[in-house]
1. Computed from the coordinates I sent, Cα extents along the principal axes in Å equals one of (1) 44, 37, 29; (2) 49, 38, 30; (3) 67, 30, 22. Tell me the label.
2. In square angstrom, what is the accessible area per residue of the chain with a 1.4 angstrom probe?
3. Which trypsin sites (Lys or Arg not before Pro) in segment 44-110 pass both tests, a DSSP loop state and at most 15 other beta-carbon atoms within 10 Å?
4. Binning every alpha carbon pair distance of segment 48-126 at 5 Å from zero, what are the percents per bin?
5. For the chain, what's the relative contact order in percent, using C-alpha pairs closer than 8 Å and at least 6 residues apart?
6. What's the angle, to the nearest 10 degrees (0 to 90), between helix 14-26's Cα axis and the longest principal axis of the chain?
7. With n ≥ 4 as the cut-off for DSSP H runs, can you work out [θ] at 222 nm for the chain, using -39500 (n - 2.57) per run divided by the number of residues, rounded to the nearest 500?
8. So what's the angle, to the nearest 10 degrees on a 0 to 90 scale, between helix 95-113 and the longest Cα principal axis of the chain?
Amino acid sequence: MTQSQESRPAPAPRWAVWAAHAVALVTLPSGIWRLLLAAGFLAGYTEAGYAAAGIPGWGRLYVACLSIGTELLALLTLVLVRPRGPRWRGRPVSPRAVTALAGAAAAALAVAWTPFALYWTLPHPDMTPLGATVIGFLYLPLVAWAPLLAAVTVSYHRRHRA
C-alpha cells in the first residue's frame, strides 16, 4: 500500500454529499429573481421602486454578477465532499485552514441571511404587496445555507482531523 492511499480520508457520508448539493440549490431561486431584474423585469418592484433600487443601467450588471457570484460561492461547498478535498495549485490545502474558513463563512452567512426568514413582516414601499411576499419566499431558502454549510464543514473536519 502506498503512502497516498494510507493518508486518504474516508469518503464523505451520503448525507453530507446531499447537503453540499442542496447548498447549490438554495441559492437558485433568489439568483433567478435577480437575473430577471437584470433582464429588465420589474419582478415585484413598482416602476418607481425599480428605478430607486438603481437597477437600470450599471445596476443590471451588479445584480447579474451578484447572482453568478453567489452561485459560484455556493458551489464551493461541493469541494468539501470531494474525495481529495480542496486543492490550491495542485497541492492539498491544510484541513485546519479549510475548516476555519468554511466555519467563518457559515457564521457570516447565518448573520447575513437569517433576517430573511422574516422578510415579509417588514414594510417594502418600493414593492407591490404580492411582489414582497413572493420575494420573501424566493429568499427564504438562503436561510438554510448557513446550517447546511456548517454541517458539511463538521463532516469535512471529522474526516480530515489528524
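1. Checking each listed value against the structure points to (3).
2. 62
3. When the trypsin sites (Lys or Arg not before Pro) of segment 44-110 are filtered for loop state and at most 15 Cβ neighbours within 10 Å, R84, R89 remain.
4. 3, 11, 14, 17, 17, 14, 9, 7, 6, 3, 0
5. On the way: 189 pairs, mean separation 61.8, N = 162.
Contact order relative to length: 38 percent.
6. So the helix axis and the longest Cα principal axis differ by about 20 degrees.
7. For the chain, the value works out to -19000 deg cm²/dmol.
8. 20
The values are calculated or read from the model by the stated rules, or taken from the named source; none is laboratory data. Because the structure is a prediction, the values reported are computed rather than measured. All Cβ positions, glycine included, derive from the backbone under ideal geometry; neighbour counts span all protein chains shown. Quick note on the areas: whole protein, heavy atoms, side chains included, nothing else; ligands and nucleic acids left out. Shrake-Rupley method; radii C 1.70, N 1.55, O 1.52, S 1.80 Å.
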